[in-house]
Structures are given as C-alpha cells and as structure tokens.
1. Could you estimate the translational diffusion coefficient of the stretch 240-304 from the Stokes-Einstein equation, with Rh from the Kirkwood formula over C-alpha pairs, at 20 °C and 1.002 mPa s, in whole µm²/s?
2. Given the C-alpha centroids of the stretch 173-206 and the stretch 216-237, what is the distance between them in whole angstrom?
3. How big is the charge dipole of the chain about its Cα centre, in debye rounded to the nearest 20, if each Lys and Arg gets +1 on its Cβ and each Asp and Glu gets -1 on its Cβ?
4. Per the helix-only calculation at 222 nm, which mean residue ellipticity applies to the chain, given -39500 (n - 2.57) for every DSSP H run of n ≥ 4 and division by its residues, nearest 500 deg cm²/dmol?
5. Using +1 at the C-beta of Lys and Arg and -1 at the C-beta of Asp and Glu, which of Tyr193, Phe380, Phe133 has the Cα lying farthest in the positive direction of the dipole of the chain?
6. Can you tell me the dipole magnitude for the stretch 443-537 around its Cα centre, using point charges on the Cβ only (Lys, Arg +1; Asp, Glu -1), in Debye to the nearest 20?
7. Pop out the ³J(HN,Hα) list for the stretch 109-119 in order, Karplus 6.51 cos²θ - 1.76 cosθ + 1.60 with θ = phi - 60°, rounded to Hz; leave Gly and Pro as x.
8. Rounded to the nearest 5, what is the percent of antiparallel bridges among the DSSP beta bridges in the chain?
Amino acid sequence: MHKLVVFLLFVALFACKDDKVPTIVVVKNDETFAPDKVRTLMDKWQRATFGFFYQGASPTGLALEGNDRGDVVTTGGTGFGIMALIVGAERGYISRTQAATQLQKIVRFLGKAERFKGAWSHWYNPDGTAHPFGNQVKTGDLIETGFLMAGLLTAQEYFTQNDGIEKEIRDSVISFSNTVNWKAYTNGQDVLYWLWYSQDNRYELPIRGWHEGWITYLLALAAPEPHAISTSVYENGWSRNGGVVYPSRKFYGYELPMGEEYGGPMFFAHYSFLGVDPQRLEDQRVNYWNQNVAHTMINRHYCVYEAPKEFKYGVSDWGLTACYGARPPLWNYSARSPRNDDGVIAPTAALGSFPYTPFYSTQVLMRLDEYSLAHGTYGFADAYSPGTSTSEKKHLAIDQGPIVVMMENYRSGLIWNLLMKSEVIRSALQRAGVKERPAYADGFVRVMSNIATNEYDLMRHPDRGIYEIDLFSSVKGQAHLQFKNADGVMAKDTTFAVNAGEHRFSMGVNSKIISGKRYTVTLTTPSGAASVLTLRLR
C-alpha cells in the first residue's frame, strides 16, 4: 500500500512538470433575448390582451369602456378593438368568420346609435343612446369618432370577400364615411372642435397642436363634400401655421420638434399611429418616425435616469401615459408623463411603443411576464407602482388596444399595411402635404441611439430571427459595411448591391457576430458617403 501511494505521488509530480494545456475560451451568444423566447412571450401576452376585445366584449360587439363600468361601451376604444379583431383573425386566435360576425354586430349597432352631426358620442348604452361622459350629455366627440373611423377603414381594407357579412361591413363603412360631418365641427372657424353639445349648440375644446388628434384632422381633410375641411383649417387649426414646431428643441439630447415639453403622455405617439404608419412619413415640419421615437426615448430616459429614486423605475419598469392610478392614496386616472409623474407605470406605454423601441419594450415585457402583481384578466393590469408594489388590475379599452395592435405592427406591419392602402388615408396625407418617401441623407435611417450609452440596442426580430437595420442610398450601386468588435478586430466585412432609396440589411449570429457584444459599424454607400454607428447586439 505504501509503495502504491509513493507511485501515485510520483506520477502526480511528473504530470505537473508537463506543459500546460492551453485553455480554449468559447464565446457564447447571450440568449436572454433570443427570438424564440421573445416570440413566445409576445404570442402569450398579445393573445391574452386580445381577449378583452373578443371574450370580454359587450354583446353589442363593441368594446366595453373598461371592465369596471358595467355595460357602457366606448367608441374610440372600439376603433382600436376592430384593429385587434383583425390581428386575432390573422394570428388564429379566432377565425375570420368570427371576426367578421363581431364586426357585423358593431356596424349594425353604430348604424342605429345616436349621432351628432354624423359624429358619435364618447360612450353608449347598449340600446344605442349616448351615455353621459363627465358633463357630456348628447354630445358628439370628434376625436373618439376619428379613432373609431380609423378602425372601420382598416376593416374595410381587410374584409374584402364577397360574402354577405363582409360586404355589409364594407357598405356600412362607406356609409359612415359619407355621413360624418367633420366640417360642421369647425363652427365656421379655422379649427376643428373636439365636442359639440347638441342641447345648446355649443362647441368646446378646439383641437390644436401636437397630441393624439392628428388622425381626426386627416379624416376630416379626406371626407367627401360637403363634409370635408379645407387645408386652411388644417394649417391654422392643427398646425397653427407651423407655430407648434420647435426645430432645434431637445430634451435629454433627443430632438423633439413637436408637442409639449418632454413629449407628454405616450399615447400621443400611439393613438393616431395604430393604423397610420409613421415609418415613411415626413412633411415640411417633421419626420413623423423620428418624432415618435424621440418621444419614446425621452419618456424612457426620464424613467430610467431622472425620476425620483423612491419610484423604483428602471430599464424594465418604464413608461408614462394615461391610465388608472395604482399607488395609494393616488388611485386617480391621469395622463401621466415626465411632467406629471406620481410613481405609476402603465404597461401600454412601453408595450404600445414596440415598433419604436423593440428592445427596450421587450425588457418591460419580460419583467411583466414574471411580475404576477401586474397580471390582469385580459393581459396586464392597467397600471402598477414599482415603488409601492401595488397595481390596478382593471382594464381600459384605450390602453389594451395599443398593446395588441402595436405589437403586431412591429411583428408584421399588418394594421399599418391595411390602413395605408385606404384611399381615404392616402388622399388625406396628400392634402396635408405629407410625403410618403422622405428625403433622407445617405446612411442609416430610423436609427436613434441611446444618449445615455451612445449605443443603438439592436435585437433580433422575434419572428424572422435576424438582425435588421435600414439604410438609405441616394444612388444605385455597391454598399460596404464593416463590423469591428470592441477590440477593433474586424468581425464582418461585406459588400452588397443597393438600389437608390431604402434598403434593409439583414444578418444572423455566427462565430464573429455575437449577441450581447458591442460593435462599431461603418457604412459606405455607393455615393461614397460614410456613416458610423455603435451597435449593441442583443
């Protein structure tokens, strides 16, 4: 036994004198935000939220205002719900026939409901009579009508089959489009008014400046005569002859040419853009995509870096918009924003911003998936407070709708593609002087880096499974892209053909392009113009 121990010690000592075997370091991808994981979560919560507009709908087919208001139905929220029904049909949550049948109920209800100069009220009872909304009794609500008509026009583009139900839907939408008297809501002035009180022929709340009401002006511009507004109403009312534009204004380093300081509540960047695609829209005042992305980034920056520490916001808890209260003793409904913050986060703020900030919205989605306190009957609770670990589990149609629709617009562009085909919308944009092909400079487009990190966080698309980045070239030819890692080592060097205009460059991960890593990317377009971007691949 003693000899065996000595022998083993000898072998061990001898082995120690051998040259060390080199350590092989294998760099693995960070799969935290892998496409299959993100896709699974988006499927789960998009479907759950959709349920508010189908399983949770009123027997009339319309969306309930909220799940705490009895049988009161909402017009604007129903417009969002119509879009959600289309998403549900395309995703297979319900059949096309089921979606069409519910739309048939909706248009039949709207056809018999009380209307006020062709516009609908904010809320309705199940019998079609207008339900009071605050001091509004028998009152036409033009902005809610705008949201509703946007949903109906989307349905007109989707339900194109020749069977009886789908034809009835299309015929009803055309009838409604022809009978909303938008012009009557000017009261003879160069502005649209939000409300008309039928009892005393009183107009209230001129719709001016940048907020959720852009879709209302667009629809009013494109209405058939004699119900259309003139371009002077658009210019002097909505745009104030350009007086609402601040070309050089910045907040936290982000340019925000329109709207209130720090952007206001996030629904400004959602409601009009559930169907109107801002990706390629620009006029003499603003690029609409850049406006909405900057608004989102400002909202997030405030939450992550500037908000009071006791609110306990962070990269996975951000997003301020209109919602119920969720923090004792503050249970009030309020249009929350960086200038009106009481510690309450609304899931719809970040999740409704998926097209603008897909990675940052995914961070919130992953957090909420694990945070049972923020789970409601149909998707997520309307609001929650990280600082007090409290939530308001009730739902609102106008908060649930953007989650379903904007998730889909990020994933497939479905609702954007449908409404942008509408002759009404195309005519409206033309009359408003909005171009559908912005004059970009050569380089990366629709890319906005995080001011705090000086990086652009790029996530693989959850359905297509690849990184995608848009660029613009003024001429046709060969473009050149180089990726260098943090050590300055070339990770990718590629040349590819582009036409004049926009081009989408796509790539996957490999042994050199690794998720979780930082890269400096240099783009040279055929004209010789060079652009540099710092990417953090997620």
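All of the numbers you see were taken from the coordinates with simple rules; none came from a lab. If you're wondering where the values come from, they're calculated on a predicted model, not measured in any experiment. Note that we place each Cβ from the backbone using ideal geometry, even for glycine, and neighbour counts take in every protein chain shown.
1. 177
2. Using only Cα atoms to place each centre, the spacing works out to 11 Å.
3. 1040
4. Here the helix-only value at 222 nm equals -10000 deg cm²/dmol.
5. Phe380
6. Result for the stretch 443-537 is approximately 140 debye, rounded to the nearest 20.
7. 5, 5, x, 9, 5, 4, 10, 10, 6, x, 8
8. So the antiparallel bridges in the chain amount to around 95 percent.
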